[in-house]
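Asks: This is the structure I have questions about; it appears just below.
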Amino acid sequence: MPHRILLADDHEGMRRRVRSALETAGFEVCGEAVNGLEAVTQTKDLIPDLIVLNLSMPVMNGLEAIPEIAKSVPSTKILIFTVDEGEELRRETLRRGAHSFVSKSSSLTDLVDEVEKLLR
């Protein structure tokens, strides 16, 4: 049974590209969220193995969503996938409960590799 992944990004085109890359690699994308609040709600409802979470989203940003997800569904791994870079931001996401951080300037292959590493 493939690992189940939730995508949370407010850009439809990015969700489509990430979904395609993950499904090609054999993962199941079980849902999509367009803001942090939807990400929290869908994580509680779907209990995915991993969430690919953007930081810059409306309603509730990813940074605010991380501790809510980590607290409500601690079994779900949180992988931050964002254009926002910087070591300080990376450390803050990990401090709040994220498990990994990949920059959107990286390739989708790098993202898939990190997903595989987290779900081993």
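Asks: Does region 54-100 classify as rounded, prolate or oblate by the C-alpha gyration tensor (a ≥ b ≥ c root eigenvalues; a/c under 1.5 gives rounded; else a/b over b/c gives prolate, otherwise oblate)? Walk me through the numbers before you get to the answer.
Replies: Values: a/c = 1.93, a/b = 1.27, b/c = 1.53.
Oblate, because a/c is 1.5 or more while a/b does not exceed b/c.
Asks: Which value, in debye to the nearest 20, describes the size of the charge dipole of the chain about its Cα centre when Lys and Arg Cβ atoms bear +1, Asp and Glu Cβ atoms bear -1, and nothing else is charged? Intermediate results must be reported in sequence, preceding the final value.
Replies: Working: 15 positive and 20 negative charges, 55 e Å.
Here the chain has a charge dipole of around 260 debye.
Asks: Ignoring ligands, DNA and RNA, please state the percent of accessible area on the chain from carbon and sulfur, probe 1.4 Å.
Replies: 49 percent
Asks: May I ask for the Rg/Rh ratio of the chain, computed from Cα atoms with Rh as the Kirkwood radius, given to two decimals?
Replies: Numbers: Rg = 12.5 Å, Rh = 13.7 Å.
Looking at the chain, the ratio lands at 0.91.
Asks: Okay, moving on. If Lys and Arg each add +1 and Asp and Glu each add -1, what is the summed charge of the other residues whose beta carbon sits under 10 Å from the beta carbon of THR76?
Replies: +2
Asks: With the dipole of region 36-80 worked out from charges on the C-beta (+1 for Lys and Arg, -1 for Asp and Glu) around the Cα centre, which of VAL59, LEU79, GLY36 lies farthest toward the positive end?
Replies: LEU79
Asks: Quick check: net charge around MET1, other residues with Cβ under 13 Å of its Cβ, Lys/Arg +1 and Asp/Glu -1?
Replies: Residues close to MET1 contribute a combined charge of -1.
Asks: For region 32-117, report the accessible area per residue in Å² (1.4 Å probe, heavy atoms, rounded to an integer).
Replies: 47 Å²
Asks: Still on this structure: With 19 Å as the cut-off, how large is the P(r) tail for region 1-52, expressed as percent of Cα-Cα pairs?
Replies: On the way: 247 of 1326 pairs.
Distances greater than 19 Å cover 19 percent of the Cα pairs.
Asks: May I pose another question? Mind checking region 1-87 for trypsin sites (Lys or Arg not before Pro) that DSSP puts in a loop (not H, G, I, E or B) and that have at most 16 other Cβ atoms within 10 Å?
Replies: In loop regions of region 1-87 (DSSP not H, G, I, E or B), there are no sparsely surrounded trypsin sites (Lys or Arg not before Pro).
The values are calculated or read from the model by the stated rules, or taken from the named source; none is laboratory data. Computed from a predicted model, the values in this text were never measured in an experiment. Positions of Cβ are backbone-derived with ideal geometry, glycine not excepted, and every protein chain shown enters the neighbour counts. Accessible surface is based on the protein model in full, side chains and every heavy atom, while ligands, DNA and RNA are left aside. Shrake-Rupley method; radii C 1.70, N 1.55, O 1.52, S 1.80 Å.
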